Amino acid sequence: IVRTRFVLKGFERLADQRAVSKAALKASPAYLVCGVGNPQSVKKTLAENGIPVMGEKTYDDHARFTEADVKRWLREAKRCGAERVIVTEKDAVKLLELDRLPKRLLAMRMDMKFLTRRERELAEKTVRARLRVQPVRGFLS
């Protein structure tokens, strides 16, 4: 067993898949849309990175979204003074299926960090062992 945590490494503008730095959004009010099991942890991550959440819309885990949903989020964001709509990486995958995403729609980009060097080394060793290809008997011999 290894322990990990997720850290926010930046954002991606879904309209054109361009990277947006955390620094560019610091103190920039956001509207959060979240369809994951623990939306409070997402909100906490944004707050820890200096991004104020002015409003939010939560959905059940694995929710599907429509273009009408995106338009509604943009209206709500404007109403509560948010400059952007932020979604999780997981939700962004589903949104990319839609046509013409607005530039104000951003996806969080996360990175997984191991809590200790030893846990990272153990995980790497386990993955390498699992990926090792075993020779097939009789093949090319």
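The values are calculated or read from the model by the stated rules, or taken from the named source; none is laboratory data. Fair warning: this is a prediction, and the values are worked out from it, not measured in the lab. Positions of Cβ are backbone-derived with ideal geometry, glycine not excepted, and every protein chain shown enters the neighbour counts. Quick note on the areas: whole protein, heavy atoms, side chains included, nothing else; ligands and nucleic acids left out. Shrake-Rupley method; radii C 1.70, N 1.55, O 1.52, S 1.80 Å.
With the condition kept exactly as written, say whether any residue in the range 47-59 is under 30 Å from Thr126 (Cα atoms), out of contact with any Asp or Glu (no Cβ under 6 Å at 6 or more places or on another chain), assigned to a loop (DSSP other than H, G, I, E, B) and not basic (Lys, Arg). Let's see the steps before the verdict.
We begin by selecting, within the range 47-59, every residue under 30 Å from Thr126 (Cα atoms); these are none.
No, the range 47-59 has no match at all.
Taking the conditions exactly as written (open to solvent by 30 Å² or more (accessible area, probe 1.4 Å), part of a strand (DSSP E or B) and within 22 Å of Val93 (Cα to Cα)), does Phe11 satisfy them or not?
Considered against the rule, which asks whether it is open to solvent by 30 Å² or more (accessible area, probe 1.4 Å), part of a strand (DSSP E or B) and within 22 Å of Val93 (Cα to Cα), Phe11 comes out as no.
Run down Ser41, Ser21 and say which single residue is small (Gly, Ala, Ser), within 30 Å of Lys125 (Cβ to Cβ) and out of contact with any Ser or Thr (no Cβ under 6 Å at 6 or more places or on another chain).
Result: Ser41 is the single residue among Ser41, Ser21 that is small (Gly, Ala, Ser), within 30 Å of Lys125 (Cβ to Cβ) and out of contact with any Ser or Thr (no Cβ under 6 Å at 6 or more places or on another chain).
Of all residues in the range 22-39, which are free of Cβ contacts under 8 Å to residues at least 24 places away in the same chain and either on the phi > 0 side of the Ramachandran plot or open to solvent by 60 Å² or more (accessible area, probe 1.4 Å) (or both)?
Ala23, Ala24, Asn38
How many residues does the range 66-93 hold that are under 16 Å from the mean Cα position of the chain (by Cα) and open to solvent by less than 20 Å² (accessible area, probe 1.4 Å)?
Counting residues in the range 66-93 that are under 16 Å from the mean Cα position of the chain (by Cα) and open to solvent by less than 20 Å² (accessible area, probe 1.4 Å) gives 6.
Among the residues of the range 32-42, is there at least one that is under 17 Å from the mean Cα position of the chain (by Cα), under 19 Å from Met110 (Cβ atoms) and modelled with pLDDT of 95 or more?
Yes - at least one qualifying residue is present in the range 32-42.
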